[in-house]
Amino acid sequence: MKILFLRDQRTPAIDGAGIYLLRVCKVLNKKKIPYLLLYGGRNDLYSKALKKNKINVKFVNFPNQTPKNFFRFFKIFKLRQKIKKLIIKEKFTIINTHFPHLNFFLSKSINIPLISHWHGADVVNKPIKIFDRDLFKNFNIRDLLFKIYIKFNVFNFGLAKFVVVHGKASRNTAIKKYNVDKDKI
């Protein structure tokens with residue numbers, strides 16, 4: 001077993017999901033299980049904690065979550081190819097992403113299990129709709145692109161074989177709002 005973790009920079013502080021991943025990597029170090037963490041931050045509190053705890057990390061410049069990624073074909077393609085080559089070269093057997101947005105940077109041709117995390121819970125678990133009343137009232141192409149991007153890229157669990165949720169509330173959000181198949185959870 002060899003695990004590839006993907007995590008982008010989330011907050012200026014170290015969040016709960018970051019602490020969880022740090023602890024997992026520390027256990028993997030103790031058990032001598034090979035892994036690599038691709039982290040999208042640099043010189044922040046989390047990267048310092050990773051270095052301090054001797055976590056096997058490589059810093060990657062993941063593009064921000066923006067609909068502009070639809071038009072950054074070459075940059076996205078190049079990043080996907082780089083990650084795919086790394087997966088093949090290092091013979092990873094499992095990929096673990098700590099936010100579904102990172103699934104967008106994985107090639108669909110990778111034929112190894114992908115585990116994706118969903119940490120949050122919403123009070124209102126309505127599915128994300130691209131076309132709703134507000135869009136028709138004040139039609140704005142920018143809003144439409146943003147909704148398409150959010151639905152199909154940021155919260156897309158389609159590539160994931162398994163989805164890890166952190167409680168009943170986040171499970172309900174994953175199922176009701178993001179249409180995650182119950183069998184994947």
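Restricting region 33-59 to residues that are among the aliphatic types (A, V, I, L, M) and over 18 Å from I14 (Cα atoms), which is farthest from the chain's Cα centre (by Cα)?
Applying the filter and picking the extreme gives I33.
For region 42-89, give me the residue count where each residue is surrounded by 12 or more Cβ atoms within 10 Å (Cβ to Cβ), of a type outside the set (V, I, T) and assigned to a strand (DSSP E or B).
Matching residues across region 42-89 total 1.
Conditions (1) modelled with pLDDT of 85 or more; (2) surrounded by 14 or more Cβ atoms within 10 Å (Cβ to Cβ); (3) over 18 Å from the mean Cα position of the chain (by Cα); (4) of a type in the set (D, E), marked per residue:
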position	(1), (2), (3), (4)
H119	no, yes, no, no
R133	no, no, yes, no
F136	no, no, yes, no
V154	no, yes, no, no
F162	yes, yes, no, no
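Mind counting the residues in region 164-185 that are surrounded by 15 or more Cβ atoms within 10 Å (Cβ to Cβ), outside any helix (DSSP H, G or I) and of a type outside the set (A, V, I, L, M, F, W, C)?
3
If I ask for residues that are under 14 Å from the mean Cα position of the chain (by Cα) and over 17 Å from L37 (Cβ atoms), which ones from region 67-107 would you list?
Within region 67-107, R80, P100, F104, S107 qualify.
Note down all Cβ pairs under 7 Å where the first residue falls in region 167-183 and is over 11 Å from G120 (Cβ atoms), the second is part of a helix (DSSP H, G or I) and of a type in the set (G, A, S), and they're at least six residues apart or on different chains.
Close Cβ pairs (under 7 Å, with a partner that is part of a helix (DSSP H, G or I) and of a type in the set (G, A, S)) amount to V180/A174.
Quick check on this structure: which one of K78, K32, K89 is free of Cβ contacts under 8 Å to residues at least 12 places away in the same chain and at positive phi?
Among K78, K32, K89, only K32 is free of Cβ contacts under 8 Å to residues at least 12 places away in the same chain and at positive phi.
For region 1-41, which positions are in contact with a helix residue (DSSP H, G or I) (Cβ under 7 Å, 6 or more places away or on another chain), part of a loop (DSSP other than H, G, I, E, B), among the hydrophobic types (A, V, I, L, M, F, W, C) and surrounded by 12 or more Cβ atoms within 10 Å (Cβ to Cβ)?
Correct list: I14 only.
Given (1) at pLDDT 90 or above; (2) in a helix (DSSP H, G or I); (3) surrounded by 15 or more Cβ atoms within 10 Å (Cβ to Cβ), identify the lone condition not met by F92.
Failed condition: (2).
Only residues that are of a type in the set (K, R) and more than 19 Å from R80 (Cα to Cα): list them for region 3-37, please.
Answer for region 3-37, where residues must be of a type in the set (K, R) and more than 19 Å from R80 (Cα to Cα): R10, R23, K26, K30, K31, K32.
What tally of residues in region 1-37 results from selecting those that are more than 28 Å from V154 (Cβ to Cβ) and in contact with a Ser or Thr (Cβ under 7 Å, 6 or more places away or on another chain)?
1
The values are calculated or read from the model by the stated rules, or taken from the named source; none is laboratory data. Computed from a prediction, not measured in an experiment: that's the story for all the values here. All Cβ positions, even for glycine, are placed from backbone atoms using ideal geometry, and neighbour counts span all protein chains on display.
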